[in-house]
């Protein structure tokens, strides 16, 4: 019974994963600073124990035997996904992983201090080392996975996505956005000339913001029997599916950044809470990759919660709790629908955000394949920023290629997930509306039950039993198509 | 290098222990109810992983080889304590442990429901089973440890303590308390007749109680860089030495139960925070047993914080934060020095508490050795309660032998620790006063530095490198002696 042996291993790995997830939450939410050293030590030991257990050579025999055993479909899918993750975990040597982890840790530390100083030159040697290691990783993985080197990296974050397909939808979207951004800015200027945006006057006490956040989380379906909301410096959604730990942070001069952040993380949380319970300790029952996860948070934030109908429902609640007198839905939408060109990805709105991602996608492919040298990244960055967003980053490294932690920490192939997620969310919403033409009216009533039922059936219940593209195809009837996201942007931002 | 192999193992066990400790804290403080099932599963898997790792047969070889290696004194002590704990961990078969854990879990569950119903008869069969398993455990351990069966159980909680020695000091104390309790009650009645106790008028808002608690924790030496205070249903001191997590619970009609509880737990916390850092992943550097731990919490609570001088320092702070107008130190002491006979151990004051413990010590010895049958416990209990405290528990099982969770959960040999700790604390205080005759005056100034320096040098820094009796002997110059605790009680309760 090799399935039984794999099952036992999955339970052990899940227990360590549970501990790691909860220790991570505790570190961000509760841990006093002095606890950090021993915590890091404990986390390191747990990680290496899990790695050893998950990569033991005899597991290959268990998998091979389990594949010949009589199993039901869910068990077969479990073994297949376990095999995929086992291959991905074992195709790098421990030596190489240790080298890479060390280099990434040093490069990330360097990045933290040098970014503030805009110091590209001192950062470059360490960054060149990281790029070289990423190339080596990509080649080793590519050989085992029979993929192109860059695809082998994308596979780590978004299983089944291929760069040719990503390039196709990104080219479509980039072409669209070039013309769209100026149009959206003009439409916005006209709207503002007609109705100057009204300031939402604070202060907004934290306790009241929290009450509103909790109420809206509950309304959209978050289960507080299996999760909670805390405060941390960087908001996140962590924990485990049976106990989802979300965080936010509050400022008292405005409430929308925290509230929209809560709704975004709630999208991640709903996905986790609604994963299947059977075989939940197997990788096949975990959430499917970064792009799918981001599609769920962006579905919640962009497709549901920035929609006018959402505020028809939510504004009376916000008014009662926060005391927003004389604020209309349109007043609020002027704040949540705002397009602005800027340098920084994490501050970008949903219309300009994809251009930040496409720029990184294009550059990192060139880096991984060696067609672009690390030292030439600032020039390439400046050229693309100027072309896509009309902003020069010449000499401005900290707001250019030094703004993100991803590359210094060794994460190449991750960036596309953000925009793939945004496009997937728009395409999912279109499918929801085909299935329930009054979906927007349901939102206006604060009724998310049918929408969540669609998501549960088509996305959440699939867990990792299919690849990302296949879940999308089955859920929406077609492969990823940029058109839905483009239509969404037109509908939202070109009105006057 | 077998020391190196043991060192590596200790690091792994410490990492799992770290996770277990923090998951335990999270469960009590933060976890939503629905997270419980998966949490219990994860904790069970972590416990069995740790047990497997810690009891592997090849460890015996590592220990034997390490004993022949050239090691410094701390390393030698580390190996010796590791060996002691390895022998204690491995002297029961996995089968037996599993049988015992299951029986205890069932008996404890039964106890929870039947205690409320005062139903001894339905509880008895399960309890008989637990007693039989405890006898079996005691015999097996006794054979390996070359101790008497009951001593072999005491050894699990309080290494080095022997029942003959415990019986000697308990007999002394029991003889003393028989006459003392009536005298203390009379003295108290006279005091109250002269100065009727003043009610401390609430309500006391939780935020203010918390502010006072935090301030006093800090004043007595708790390091908030390495710890914090939260709220839980049952107050405890958990976490790890580098990150001590204390909890309390508040009621708004009075503040002393929470505050004295905080100071009690702070005693545990100070011990943990001040354990040595070198080799801290070895058992030799962990806190020494239950009696020593309880001596530290009772030192903080009974010896320091219920002392009049403490309130000379603390009352002005309490007055400023809580607004206690017209409350004098004597008014406060009337509340914190209160003697009352009662049925329930956990509600008892420091003067009557030892009688509750001695009763249990006497009964559990008879149970473990088989001289008393489980079915005859209520009769023995009633006889002793009547003799020691003048209270009959005939037919009142829930306030008699069914009041504590210890026996239903299989913990025999644990009870003496509470009163040993109280006696040790009094003896330690006497040693402090010999070393610094103005120690009480230091407390009145809110200066705990010299007192904590004594505790650090004589108790905390010893960790588990010596047995409990040996630490006491070195710290106070003599073996445990009931006289110090008796003097303490006389000084505190016989004044008029």
List, shortest first and in nm to one decimal, how far the label point of residue A:409 (7 Å from Cα along Cα→Cβ) is from its counterparts in the other copies. 3.9
Computed, not fitted: 222 nm per-residue ellipticity of chain A from DSSP H runs ≥ 4 (each -39500 (n - 2.57)), nearest 500, equal to -21000 deg cm²/dmol
A student asked for the Cα radius of gyration and Dmax of the stretch A:1-70 in angstrom ought to give 16.0, 52
I need the per residue convex hull volume for chain A, using only the alpha carbons, in cubic angstrom as a whole number. 152 Å³
For the protein assembly as shown, build the convex hull from the C-alpha positions and give me its volume per residue in Å³. 200 Å³
Estimated inter-spin distance, residue B:119 and residue B:206, nm [label 7 Å along Cα→Cβ]: 3.4 nm
Quick one: which of A:246-254, B:17-25 comes out on top by average Cβ neighbours within 10 Å, and what's the full order, highest first? B:17-25, A:246-254
So, in nm, how far is label residue A:338 from label residue A:373 when the simple model puts each one 7 Å beyond its Cα toward the Cβ? 4.2 nm
Calculate the length of the line joining the C-alpha centroid of the stretch A:419-438 to that of the stretch B:256-293, in whole Å. 56 Å
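Summarise the partner chain shielding of B:321-332 as one whole number: the mean count of Cβ atoms from other chains within 10 Å of each residue's Cβ.
Working: counts 0, 0, 0, 0, 0, 0, 0, 0, 0, 0, 0, 0.
Per-residue shielding by partner chains comes out at 0.
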Taking R0 as 60 Å and r as the Cβ-Cβ distance between residue B:58 and residue A:189, the FRET efficiency 1/(1 + (r/R0)^6), rounded to the nearest 0.05, comes to 0.20
How far is residue B:450 from itself in the other copies, in nm, if each label sits 7 Å out from Cα along the Cα-Cβ line, shortest first? 7.9
Shielding by partners, peptide A:217-227 (average Cβ within 10 angstrom, other chains): 2
How many Cβ atoms of partner chains, on average, are near each residue of A:28-40 if near means within 10 Å of its Cβ? 6
How far is residue B:252 from itself in the other copies, in nm, if each label sits 7 Å out from Cα along the Cα-Cβ line, shortest first? 2.1
Residue of A with Cβ nearest the axis relating A to B, plus distance in whole Å? A:19, 2
Give the value in nm², to one decimal: projected area of the alpha carbon convex hull of the stretch B:200-300, averaged over all directions. 6.6 nm²
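Can you tell me how much longer the chain between residue B:277 and residue B:199 gets when fully stretched, taken as 0.36 nm per residue apart minus their C-alpha distance, in nm with one decimal?
23.5 nm
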Estimated inter-spin distance, residue B:98 and residue A:478, nm [label 7 Å along Cα→Cβ]: 5.7 nm
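All of the numbers you see were taken from the coordinates with simple rules; none came from a lab. Just so it is clear, the structure is predicted and the values come from calculations on it, not from any experiment. Backbone-built Cβ (ideal geometry, glycine too); neighbour counts: all protein chains shown.
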